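Please read the structure below before turning to the comments.
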Amino acid sequence: MNRSTASRAIDSRGDLLGSVLQRVSRSFYLSLRILPRDLREPVGLAYLLARAADTVADTRLVPRAERLHHLETFRRAYAGDAVAVSAVAEACVPHQAHDAERILLTRVEDALELVATLPPHDRAEVRAVLDTITSGMSFDLTRFPGETAAELTALDTLGELDHYTYLVAGCVGEFWTALHLAHRPRLAHWDPIAMRARGVRFGKALQMTNVLRDVATDLRHGRCYLPAQELEHHGLLPEDLLDPAKTKRARPLVARLIGLALEHYEVAWSYTLAIPRREVRTRWSCAWPLMIGLGTLARLAEHPDPVAAVSPIKLTRAAVYGILGRSTITIWSNGALRRDAARLRRRIAG
């Protein structure tokens, strides 16, 4: 690599992992910036490329069959195949409402070039997790063939919901664990198999929270992640969730799914507390999403009818900043972190 090429690569890396990443994900950017330096590049690039694929999957003005084709193009490019991705940007960029998404789609080739320069282990892990995530997006587009409430389709079983949460988030926990084991010598005592399994539960906890937070919005877009078999136990069909007079009957099912999410959170906390205190940056990057996720679950549990919520139920910015501020003290103490988590669990239990 000559000097000018190297300079362009450095500029591209700083821009992509700085301003571009910050604009497309303010919340994740917080966790990324606090990570140890040697982990920021592989994690950041994986996030950017996954977010680009998600942007394509969500571009509803592009026909579904074309989006599936574009996702397959991305999947192959992410795996290292020599396929052109510029056509994907040309098809999807004009339909983006936000500048950040437009910029991201035009920078996919730059991100791929940076992935190719990663150390072999990191590169293999980035490619593996992106393969699973893009497969999950294709599953989502295929499983839910409509775009509106009139075309509503539901998952069938809790097992199918669990599979979906693995494809789009649980696999990230495996990826996160593999990278930390490779880069952080203080984690040499970890059992790789056990901690990867805990990492999967970590990702599933956060994705279950997203599913429950966004249930009303997803229904309006033709997707019901509340399994049809579970709804049937409560005398409901998926389309009944569109009727405000019937949505409260789904409250016991929502409570059960919150309980399943909490089981994942318990494992996720054991993962976080297994991180040595001297790895404070990694502890922060794990504790923050868990506290924010538990706070969101608490708001869901306190809402009288989350299925009928007009807008997604989430924490206020002030509440998030409060979590970040308090963590500067509690991050050093497993006991303090446990107490904060227990306080939120009590709110969820009512």
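Quick notes on this structure:
- Of all the residues in region 175-209, those that are farther than 22 Å from R281 by Cα, touching a residue at least 40 places away in the same chain (Cβ under 8 Å) and surrounded by fewer than 18 Cβ atoms within 10 Å (Cβ to Cβ) number 0.
- Selection status of R281, more than 15 Å from K204 (Cβ to Cβ) and in a helix (DSSP H, G or I): yes
- Exclusive hit being on the phi < 0 side of the Ramachandran plot, in a loop (DSSP other than H, G, I, E, B) and not hydrophobic (A, V, I, L, M, F, W, C), set R60, R51, R75: R60
- Some residue of region 83-94 being charged (D, E, K, R) and modelled with pLDDT of 95 or more: no
- Applying the set (1) assigned to a helix (DSSP H, G or I); (2) under 20 Å from Q207 (Cα atoms); (3) of a type in the set (G, A, S) to S311 leaves exactly one unmet item: (1).
- Wholly within region 97-208, helices (runs of 4 or more DSSP H) carrying at least 3 residues that are aliphatic (A, V, I, L, M): 99-106, 108-116, 120-143, 171-183
- Residue count for region 89-103 under the criterion of being hydrophobic (A, V, I, L, M, F, W, C) and under 16 Å from T73 (Cα atoms): the result is 4.
- Given (1) exposed (fewer than 13 other Cβ atoms within 10 Å of the Cβ); (2) under 21 Å from the mean Cα position of the chain (by Cα); (3) not basic (K, R), index of the condition P120 fails: (2)
- Selection status of L337, assigned to a loop (DSSP other than H, G, I, E, B), closer than 20 Å to L30 by Cβ and either without any contact (Cβ under 8 Å) to a residue 24 or more places away in the chain or more than 22 Å from the chain's Cα centre (by Cα) (or both): no
- Residue in region 294-305 that is assigned by TED's automatic domain parsing to the domain that holds A205, part of a loop (DSSP other than H, G, I, E, B) and over 23 Å from D214 (Cβ atoms) present: no
- Of the candidates V93, V108, V126, V88, the single residue that is more than 24 Å from R40 (Cα to Cα) and surrounded by 18 or more Cβ atoms within 10 Å (Cβ to Cβ) is V88.
- Subset of region 19-33 [surrounded by fewer than 17 Cβ atoms within 10 Å (Cβ to Cβ) and over 14 Å from T55 (Cβ atoms)]: S19, Q22, R26, S27, R33
- Look at region 250-273: where a residue is touching a residue at least 12 places away in the same chain (Cβ under 8 Å) and not assigned by TED's automatic domain parsing to the domain that holds L294, no partner that is polar (S, T, N, Q) and in a helix (DSSP H, G or I) sits 6+ places away or on another chain with Cβ atoms under 7 Å.
- Within region 148-174, residues that are within 15 Å of Q229 (Cβ to Cβ) and outside the structural domain of N210 (by TED's automatic domain parsing) have Cβ atoms under 7 Å from residues that are buried (at least 23 other Cβ atoms within 10 Å of the Cβ) and at pLDDT 95 or above in no pair, counting only partners at least 6 apart in sequence or on another chain.
- Taking each residue of region 210-225 that is farther than 15 Å from R60 by Cα and touching a residue at least 24 places away in the same chain (Cβ under 8 Å) and looking for partners that are aliphatic (A, V, I, L, M) and part of a strand (DSSP E or B) with beta-carbon atoms closer than 9 Å, six or more apart or interchain, yields C224/A154; Y225/A154.
- Selection from region 189-208 of residues that are among the aliphatic types (A, V, I, L, M) and touching a helix residue (DSSP H, G or I) at 6+ places or on another chain (Cβ under 8 Å): M195, V200, A205, L206, M208
- Residue in region 74-83 that is within 30 Å of L231 (Cβ to Cβ), aromatic (F, W, Y) and either out of contact with any Ser or Thr (no Cβ under 6 Å at 6 or more places or on another chain) or exposed (fewer than 15 other Cβ atoms within 10 Å of the Cβ) (or both) present: no
- Looking only at region 241-265, and only at residues there that are farther than 18 Å from V211 by Cβ and not aliphatic (A, V, I, L, M), the one that is surrounded by the fewest Cβ atoms within 10 Å (Cβ to Cβ): P244
- Top-ranked residue in region 129-155 [being more than 12 Å from L71 (Cα to Cα), small (G, A, S) and out of contact with any Ser or Thr (no Cβ under 9 Å at 6 or more places or on another chain); ranked as surrounded by the fewest Cβ atoms within 10 Å (Cβ to Cβ)]: A150
- Of residues in region 214-226 being on the phi < 0 side of the Ramachandran plot and surrounded by fewer than 21 Cβ atoms within 10 Å (Cβ to Cβ), the one farthest from the chain's Cα centre (by Cα): R220
The values are calculated or read from the model by the stated rules, or taken from the named source; none is laboratory data. In this text the structure is predicted, and so the values were computed from the model without any measurement. We place every Cβ from the backbone using ideal geometry, glycine too, and count neighbours over all the protein chains shown.
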